[in-house]
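Asker: For reference, the structure I am asking about is given below.
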Amino acid sequence: MSELDRVDGRLRAVCDLDMADVRESAGRHEYDGTTQDLSPEGVRAGLAALGAGPLPDDPYDAAHLQVFEEAARARFGRLQLHRRNLMDHLNNLDLACYDREYAPAEERAEARRAHLARWPDAIDGSIASLDLLSAPVAKALLGAVRGLAAGINDEPALKAHARLVAHVERAAAEGDPDASLGADGLVALMGAYDGIEVVVEDLARRADAERDRLMARLADACARYGQPDRDPLDLTRELVRQHPDGDGVIEAARHWTEKSIAFTRERNLVPYADGECRVGLSPESRRWAMAMMSWAAPGEPEGPSWYHITPPDPAWPEADIEEWLEVFSDTTLPGITVHEVAPGHFSHGRALRNAPSPVRRVLQSSAFIEGWAHYAEELCVEEGFEADDPRFEIGVWLEALVRVTRLACAVGVHTGAMTVEDGARRFVADTHLAGPAALAEASRAAYDPTYGRYTLGKLAILDLREQARSAWGTGFSPHRFHKAMLDLGAPPLGLLSHALNDA
């Protein structure tokens, strides 16, 4: 019997509404070779199945499951994001999940063939649902939709894909120019995803306060670098131009992977410091991402996790190559690696494999996942990682400023307080980004309204840490605090306080 069947189908009903993520992040490969029915009828049936059957006996697991049930109702019911946003449809068709080495190659190839055979029906369902697709979302994701067909030669799948591309192209040209959810929609989405009460005015104030704190920390680190009179953002724009060449990026990532894992073990920062993390070139289907962690998921046999790196294509224009390589600068790559590897995503993946129940291993809050990895960067500053080189700390605050600006832009764009162009100007003012990079970050708010989750999750963890220090007194230690949180899996932010009951 599958672990998913042990809650009388109640857990499975949630998973059936999030097949792509459960298949990859949780390693539930009973969903291999299948697609989710995102047609109007399929979504209605999925929603109707939620909440049937008993809850888990464990009170925490019951609350965790109920948050995810409510998130599904908000996403597909009240807000009907399957009608207005392409992300679920893109993830549903994505075949890159079969590139990971979680099973023998032929078994994965057969699953891929079965998945591809379902494209025509899945795409017909998507086209039937996507009647509210806005122009900004369609424009932002049209390239990703077109890219789904790379390397595919199955004629029925390609014909179906052409229908989807045409539908998205029409929306890009003729769709509603307003992609905002509105203040009520944003509150409903963010609140339901993590079982929290959201007040947009409070979010905006918190984002501004966090930006000011980060700016002060950045200025202090730049002063210790030896240039106290320079504008910190001007200095960082200069620092990110110091980077390995395209051939040296992966080797630099391996260097920082080894250092971050050794440091995390030495400081005993996480409950599980086992497993193997390999560093290598991203699979071709995932080269839209500069760096990402593909962990050995909780439902899979033991195997290596992969820290995937995408160097720039040597055929690109020189200016594009330079902009891409700045991400892997000597200042920013160490912090990115801490985020992706240890004590960030790789370490979290090891803990998820040891979480004590199916609910905790399978249902994963994105805000906690990204918040934990973002918190890990600041934690390493506190613990003295690369303390003799202020560039590490500079890189941490630089990346944090990008993430807090995402939160500010998500609030601004979806409440109508900002246009995308306003958001781009905020990225220019508050981060080292400029030009196309700043506009791309601001545009992401249209199709990823919760992309402030990195900062939201980090701040929730920092708040809880202060509560733990107060509650536990001399019994507090970073290891105890981190184990208490990670024993909950990837908890919704509204349930984080359960970690205080670790005894």
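The values are calculated or read from the model by the stated rules, or taken from the named source; none is laboratory data. All figures in this text were calculated on a predicted structure; none of them were measured in a lab. No Cβ is skipped: glycine too gets one built from the backbone with ideal geometry, and neighbour counts run over all protein chains shown.
Asker: Listed residues ARG163, ARG211; which is in contact (Cβ under 8 Å) with a residue 60 or more places away in the chain and either over 14 Å from HIS414 (Cα atoms) or out of contact with any strand residue (DSSP E or B) (no Cβ under 9 Å at 6 or more places or on another chain) (or both)?
Answerer: Answer to the check: ARG211.
Asker: Right, another one. Assess whether ASP313 counts as being part of a helix (DSSP H, G or I) and free of Cβ contacts under 8 Å to residues at least 40 places away in the same chain.
Answerer: So ASP313 does not fit the description; no.
Asker: Could you list, in sequence order, all residues of segment 231-284 that are touching a residue at least 40 places away in the same chain (Cβ under 8 Å) and either among the hydroxyl-bearing types (Ser, Thr, Tyr) or not assigned by TED's automatic domain parsing to the domain that holds GLU386 (or both)?
Answerer: THR236, THR257, SER260, THR264, TYR272, listed by residue number.
Asker: Out of curiosity, is THR337 part of a loop (DSSP other than H, G, I, E, B), modelled with pLDDT of 95 or more and hydroxyl-bearing (Ser, Thr, Tyr)?
Answerer: It is false that THR337 is part of a loop (DSSP other than H, G, I, E, B), modelled with pLDDT of 95 or more and hydroxyl-bearing (Ser, Thr, Tyr).
Asker: For the structure I just gave you, tell me whether ARG360 is at pLDDT 95 or above and basic (Lys, Arg).
Answerer: Taking the combined requirement at face value, the residue satisfies it.
Asker: Which of (1) under 24 Å from ARG73 (Cβ atoms); (2) in the same structural domain as GLN36 (by TED's automatic domain parsing); (3) under 21 Å from the mean Cα position of the chain (by Cα) is the odd one out, the single condition VAL198 does not satisfy?
Answerer: (2)
Asker: Right, another one. Which condition number in (1) hydroxyl-bearing (Ser, Thr, Tyr); (2) surrounded by 23 or more Cβ atoms within 10 Å (Cβ to Cβ); (3) under 30 Å from HIS29 (Cα atoms) is the one that SER366 fails?
Answerer: Unmet condition: (2).
Asker: Still on this structure, please answer the following. Considering each of LEU439, LEU488, LEU456 in turn, give the residue that is modelled with pLDDT of 95 or more, part of a helix (DSSP H, G or I) and at negative phi.
Answerer: Exactly one residue qualifies, and that residue is LEU456.
Asker: Scanning for something among the basic types (Lys, Arg), in contact (Cβ under 8 Å) with a residue 40 or more places away in the chain and assigned to a helix (DSSP H, G or I), does segment 42-53 turn up at least one residue?
Answerer: no
Asker: With LEU133, LEU116, LEU90 as the choices, which residue is among the hydrophobic types (A, V, I, L, M, F, W, C), outside any helix (DSSP H, G or I) and in contact (Cβ under 8 Å) with a residue 40 or more places away in the chain?
Answerer: From the options LEU133, LEU116, LEU90, the qualifying one is LEU133.
Asker: So which helices (runs of 4 or more DSSP H) are wholly in segment 159-276 and hold at least 2 residues that are within 30 Å of GLU302 (Cβ to Cβ)?
Answerer: By residue number, 249-267.
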